[in-house]
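First comes the structure, then the notes that go with it.
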Amino acid sequence: MEFHTEFKPLTVQPQEIEGKSFEIITEEIGEHPFTEDQYPVVQRVIHASADFELGRSMLFHPNAIKAGIQAIREGRKLVADVQMVQVGISKPRLEKFGGSVHVYISDPDVMEEAKRLNTTRAIVATRKAIREADGGIFAIGNAPTALLELIRLVKEGIAKPGLIIGMPVGFVSAAESKEELAKLDIPFITNVGRKGGSTVVVAAVNALSIMAENRG
């Protein structure tokens, strides 16, 4: 392949590009507080975002990685807050263990109920999800209201997720929702501040599914 520019890429081979990227990330992040199990998740989040500040701001419940791998290997459902998360997740690795990805935010009953209650679809979708995905993974990258509702339901003993990956991006309630998540005594993966988003949540899920697969 000819590139008609002065700059030539180091490689055009996908695996080599990813491997080189991981080498650069490890070199540039330097010393960090993450465990050997946590670091692959951080590494993939940085790889997806090119944002070291976001990566360094990540927080893990001590049992988060173990709980995530266990939920995947048990074929638990994975609930995403929006379609963007659903699209990015590597489904074959989840399906290998009998798992599946679900998004409820555009379901007709969710839209109708949200309109009736004059609240967000994300909140209503979360209420529906907990009835169908007990012990599963909740992956929230877009809607702080979904995360706050899930936290409320956990505190009330109604929701019992296996793992919450909560890294919504935004200026309204995003940072605050993650602060509340970090106070829970159940497995979670989150980060500090406004940054986050569907892409980094997908990266975290895919990192966990790779670990689940490799430990088989």
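The values are calculated or read from the model by the stated rules, or taken from the named source; none is laboratory data. Just so it is clear, the model here is predicted, and its values are computed rather than measured. Don't worry about glycine lacking a Cβ; one is built from the backbone with ideal geometry, like all the others, and counts go over all protein chains shown. Surface areas here come from the heavy atoms of the whole protein model, side chains and all, with no ligands, DNA or RNA. Shrake-Rupley method; radii C 1.70, N 1.55, O 1.52, S 1.80 Å.
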Open item on the list: Students often get this wrong, so try it: which of (i) 30, 19, 18; (ii) 25, 20, 17; (iii) 28, 22, 17 is semi-axes √(5λ) of the Cα gyration tensor in Å as calculated from the structure shown?
Closed with: (i)
Task: Student exercise, the chain dipole from Lys, Arg, Asp, Glu Cβ charges, in Debye to nearest 20 - done: 740
- [ ] Measure nothing but the geometry: give the 0 to 90° angle between the long axis through the Cα atoms of 198-214 and the longest principal axis through the Cα atoms of the chain, rounded to 10°.
- [x] 80
Task: Most mobile listed residue (Met167, Met111, Met58) in the chain, GNM with C-alpha springs under 10 Å - done: Met111
TODO: Quote the charge dipole size of the range 38-80 about the Cα centre in Debye, to the nearest 20; the model charges only the Cβ of Lys and Arg (+1) and of Asp and Glu (-1).
DONE: 240
Task: the chain - share of DSSP beta bridges that are antiparallel (%, nearest 5) - done: 20
Task: Charge context of Arg93, other residues only, Cβ under 11 angstrom, K/R +1, D/E -1 - done: +1
Open item on the list: With θ taken as phi - 60° and the coefficients 6.51, -1.76 and 1.60, list the Karplus ³J(HN,Hα) couplings across the range 92-102 in order, rounded to whole Hz; mark glycine and proline as x.
Closed with: x, 5, 6, 5, 4, 9, x, x, 7, 10, 10
Open item on the list: Beyond a 26 Å Cα-Cα separation, which of these cross-linked pairs lie in this structure: Lys128/Lys155; Lys66/Lys96; Lys115/Lys195; Lys20/Lys77; Lys96/Lys195?
Closed with: Lys115/Lys195; Lys20/Lys77; Lys96/Lys195
Open item on the list: Ignoring ligands, DNA and RNA, please state the percent of accessible area on the chain from carbon and sulfur, probe 1.4 Å.
Closed with: 52
TODO: Taking all protein chains together and a probe of 1.4 Å, list His102, His61 from the most accessible to the least accessible.
DONE: His102, His61
Task: Cβ-placed point charges (K, R +1; D, E -1), dipole of the range 166-206 about Cα centre in debye, nearest 20 - done: 160
- [ ] Can you find, among Ile65, Ile151, Ala133, the residue farthest towards the positive end of the dipole of the range 1-151? Put +1 on the C-beta of Lys and Arg, -1 on that of Asp and Glu.
- [x] Ala133
